[in-house]
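The structure appears right after this line, and notes come after that.
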Amino acid sequence: MDIIDIKTYMQSIGREARAASRLMAKAEPADKNRALTLMALAIKRDEQQLLAANAGDVDNAKTRGLEPALIDRLTLTPKSIAGMAEGLLQIAALSDPVGEISDLKYRPAGIQVGKMRVPLGVIGIIYEARPNVTADAAGLCLKAGNAAILRGGSEAILSNQAIAACVKEGLKAAGLPETAIQIVETTDRAAVGELITMKEFVDVIVPRGGKGLIERISNEARIPVIKHLHGVCHVYIDDGADLAKAIRVADNAKTQRYGTCNTMETLLVHEAIAGEVLPSLCQIYLDKGVELRGDAASRAIVAQMSEATEEDWHTEYLAPILSIRVVSGLDQAIEHIAVYGSQHTDSIITEDYGRARRFLREVDSSSVMVNASTRFADGFEYGLGAEIGISTDKIHARGPVGLEGLTSQKFIVLGDGHVRQ
């Protein structure tokens, strides 16, 4: 497609999405749940076709020499396909937020004033090498009464198209408009430029991908954006920690999966217990092939570490690399997170109730944890069914964005012939 054709194509998609969003806003919960269930069944049924399509994407990615972390995010397995289907079923089982009325109160004039939860409208989702986003985003947008325009990365085009076929099958069988969920078929980057400026058709943009993509979207979009730039997540092991618990959590936070935004990138350890916990914990990391980069105090305890630079404290590795710093206590740990963190997810390991409360209150991140792995910071684990992304913004939605984050509220007023005096 040339630029004129892409503009016409994207305008057509936007027009159809806007029309579909009006139908979705009044769709019955039973119809939405039926569509979600049928989508899940189609994904389970077509597992082999999805794996075959994904294998084509993975082969192409390897031929192009893409990074191992990206290929990891791109790859589907029977387990991840089952997870997509389960996520859709969990969304179907959730309470429908659309039309929910809250805070209804009588005012002195006799009217009742409250709030009603309503869909956002049309959501544009731009993502890279995560085919599961196609199912997650479709399911969440559908349940929240929205229409969605999905623009996946070129590296996952075959996988996304195969998943989208299951989504459209579910919509059609449930009597809902197939145009409620549309996949942008062109891989031309000009389509993204059109999508993020179509104010007349799109209400919000959600980018999911690397920092470069999200910075571009944030800088160029003329539409509100829900996003996080990167995930520099921390675990702080306090001197009040149960050390066996600390080792288990810190190991999981880094090594359960490397290429995710909620993976720990910096470990902070209280100086009073660093000599006791770091040797055994770092041996676990080294045995798993994790490269360690530490400050002077950490390197004095574990000789296999290389020297951490100032840049390391700011870095989201998405790889088997870990920065380690010994700190004087809770105050310095909180200060380090404030300076170097990305307001994504941070965890403290401690049995001290007061310090745990301080950490929860003072660490300004979208998810703050006590005695738990940062890897729990996603919509599925939070009981949202799935997530459309993580928001580190402070307005509207923060943390994993599920159904409620894909809706807004409007004021409603109930009267009986009331007039203002």
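The values are calculated or read from the model by the stated rules, or taken from the named source; none is laboratory data. Quantities reported herein were computed from a predicted structural model and do not represent experimental measurements. Here the Cβ positions follow ideal geometry from the backbone for every residue, glycine too, while neighbour counts run over all protein chains shown. SASA here: full protein model, heavy atoms, side chains in, ligands and nucleic acids out. Shrake-Rupley method; radii C 1.70, N 1.55, O 1.52, S 1.80 Å.
Flag not set for residue 109, criterion: part of a helix (DSSP H, G or I) and open to solvent by 30 Å² or more (accessible area, probe 1.4 Å).
Just so you know, in region 179-196 the residues that are open to solvent by 30 Å² or more (accessible area, probe 1.4 Å) and in contact (Cβ under 8 Å) with a residue 12 or more places away in the chain include one that is nearest to residue 89 (Cα to Cα), and it is 179.
Which residues, taken from region 364-384, are within 13 Å of the chain's Cα centre (by Cα), of a type outside the set (Phe, Trp, Tyr) and either assigned to a loop (DSSP other than H, G, I, E, B) or surrounded by fewer than 20 Cβ atoms within 10 Å (Cβ to Cβ) (or both)? Selection gives 366, 377, 378, 379, 381, 384. Looking across region 112-144, the residues that are open to solvent by less than 10 Å² (accessible area, probe 1.4 Å) and assigned to a helix (DSSP H, G or I) come down to 133, 134, 135, 137, 138, 139, 140, 141, 142, 143. Residues in region 341-355 that are farther than 19 Å from residue 274 by Cα and in a helix (DSSP H, G or I): how many? The number of residues fulfilling the criteria is 2. Restricting attention to region 216-246, and to residues there that are touching a strand residue (DSSP E or B) at 6+ places or on another chain (Cβ under 8 Å) and of a type in the set (Asp, Glu), which single residue is farthest from residue 323 (Cα to Cα)? Checking each candidate, the answer is 242. Look at (1) open to solvent by 20 Å² or more (accessible area, probe 1.4 Å); (2) of a type in the set (D, E, K, R); (3) in contact (Cβ under 8 Å) with a residue 40 or more places away in the chain and you find that residue 346 fails only one, number (1).
Can you work out which of the residues in region 209-229 that are assigned to a loop (DSSP other than H, G, I, E, B) and open to solvent by less than 50 Å² (accessible area, probe 1.4 Å) is nearest to residue 193 (Cα to Cα)?
Start the filter on region 209-229 by keeping residues that are assigned to a loop (DSSP other than H, G, I, E, B), which leaves 209-210, 221-224, 226-229.
From what's left, open to solvent by less than 50 Å² (accessible area, probe 1.4 Å): 209-210, 221, 223, 226-228.
On the way: 209: 16, 210: 17, 221: 8, 223: 12, 226: 17, 227: 17, 228: 19 Å.
Out of the qualifying residues, it is 221.
On inspection, residue 339 fails the criterion of being open to solvent by 60 Å² or more (accessible area, probe 1.4 Å) and more than 27 Å from residue 251 (Cβ to Cβ).
Quick one: which residue in 88, 74, 94 is among the aliphatic types (A, V, I, L, M), more than 27 Å from residue 175 (Cα to Cα), surrounded by 14 or more Cβ atoms within 10 Å (Cβ to Cβ) and within 25 Å of the chain's Cα centre (by Cα)? If you could, list the steps in order and put the result at the bottom.
Working: 88 fails: more than 27 Å from residue 175 (Cα to Cα); 94 fails: more than 27 Å from residue 175 (Cα to Cα).
The unique qualifying residue is 74.
When region 249-276 is filtered for residues that are open to solvent by 10 Å² or more (accessible area, probe 1.4 Å) and more than 26 Å from residue 207 (Cα to Cα), the ones remaining, listed by number, are 249, 251, 252, 270, 271, 272, 273, 275, 276. Taking the criterion of being open to solvent by 20 Å² or more (accessible area, probe 1.4 Å) and touching a Leu at 6+ places or on another chain (Cβ under 9 Å), the residues of region 160-171 that qualify are 162, 169.
Of the listed requirements (1) in contact (Cβ under 8 Å) with a residue 24 or more places away in the chain; (2) farther than 24 Å from residue 182 by Cβ; (3) in contact with a Lys or Arg (Cβ under 6 Å, 6 or more places away or on another chain); (4) not aliphatic (A, V, I, L, M), residue 103 misses just one: (1).
I'd like the full set of residues that are outside any loop (DSSP other than H, G, I, E, B) and open to solvent by less than 100 Å² (accessible area, probe 1.4 Å), limited to region 411-421. Selection gives 412, 413, 414. Taken over region 277-308, the criterion of being closer than 30 Å to residue 130 by Cβ and either of a type in the set (Lys, Arg) or open to solvent by 40 Å² or more (accessible area, probe 1.4 Å) (or both) is satisfied by 284, 286, 287, 288, 289, 291, 293. Considering the conditions (1) in contact with a Ser or Thr (Cβ under 6 Å, 6 or more places away or on another chain); (2) free of Cβ contacts under 8 Å to residues at least 60 places away in the same chain; (3) under 26 Å from residue 25 (Cα atoms), residue 199 is excluded by exactly one of them, (1).
Does residue 157 satisfy the condition of being open to solvent by 10 Å² or more (accessible area, probe 1.4 Å), touching a Ser or Thr at 6+ places or on another chain (Cβ under 9 Å) and under 14 Å from residue 76 (Cβ atoms)? The answer is yes for residue 157. Residues in region 230-241 that are under 17 Å from residue 314 (Cβ atoms) and part of a loop (DSSP other than H, G, I, E, B): 230, 231, 232.
Taking residue 165 and the conditions (1) part of a helix (DSSP H, G or I); (2) on the phi > 0 side of the Ramachandran plot; (3) of a type in the set (Gly, Ala, Ser), which numbered condition does it fall short on, given that it satisfies the others? Failed condition: (2).
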